[in-house]
Amino acid sequence: MTALPETIENHAAQGVLALHWPDGRSARVTHARLRAACPCSACRAQRRAGIDIPEQADVRLAAIEPVGAYALNLTFSDGHRRGIYPFEMLATFD
Ligand SMILES: [Zn+2]
């Protein structure tokens with residue numbers, strides 16, 4: 001089972017989400033990278049079709065909501081809000 005992050009800090013001005021894990025690892029992931037990695041069914045279908053979701057440097061997280069104890073639902077400034085990001089996936093960012 002994937003551990004929950006100990007802390008999640010959103011650095012809105014820099015566009016960075018900082019995740020700190022119980023094993024001492026931490027990651028600073030840009031909002032743009034999170035948006036480009038969106039795991040929702042529409043974005044996955046787009047990637048499967050060979051169309052990359054471009055990293056938009058100015059895209060920002062607009063809302064972060066927990067989904068149960070296993071994921072975060074991230075809403076972005078471009079209006080996209082379908083991505084449920086499991087902690088298991090978030091733990092793969094370095
Ligand atoms: Zn998506």
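The values are calculated or read from the model by the stated rules, or taken from the named source; none is laboratory data. Keep in mind the model is a prediction, meaning the values are calculated, not measured. Methodologically, a virtual Cβ is constructed for each residue, glycine included, from the backbone with ideal geometry; neighbour enumeration extends over all protein chains shown.
Keeping to segment 7-36, report how many residues are out of contact with any Gly (no Cβ under 6 Å at 6 or more places or on another chain), within 16 Å of the ligand (Cβ to nearest atom) and not hydrophobic (A, V, I, L, M, F, W, C).
2
Got a sec? Which of Q46, Q56 is surrounded by 12 or more Cβ atoms within 10 Å (Cβ to Cβ), part of a loop (DSSP other than H, G, I, E, B) and in contact with an Asp or Glu (Cβ under 9 Å, 6 or more places away or on another chain)?
Step by step, each of Q46, Q56 is checked, and only Q56 is surrounded by 12 or more Cβ atoms within 10 Å (Cβ to Cβ), part of a loop (DSSP other than H, G, I, E, B) and in contact with an Asp or Glu (Cβ under 9 Å, 6 or more places away or on another chain).
Give me the residue from segment 42-53 that is within 21 Å of L90 (Cβ to Cβ) and out of contact with any helix residue (DSSP H, G or I) (no Cβ under 6 Å at 6 or more places or on another chain) and, out of that set, nearest to the ligand (Cβ to nearest atom).
Ranking the qualifying residues of segment 42-53, first place goes to C43.
Contact list please: Cβ distance under 7 Å, first residue in segment 25-51 and among the hydroxyl-bearing types (S, T, Y), second residue at pLDDT 95 or above, pairs at least six apart or on different chains.
Cβ pairs passing all conditions: S26/A18; S26/L19; S26/H20; T30/G15; T30/V16.
Which one is farthest from H80 (Cα to Cα), of the residues in segment 1-36 that are in a loop (DSSP other than H, G, I, E, B) and among the polar types (S, T, N, Q)?
Here the answer is T2.
P39 fails exactly one of the following numbered conditions: (1) touching a His at 6+ places or on another chain (Cβ under 8 Å); (2) outside any helix (DSSP H, G or I); (3) within 16 Å of the ligand (Cβ to nearest atom); (4) not β-branched (V, I, T). What is the number of that condition?
All conditions are met except number (1).
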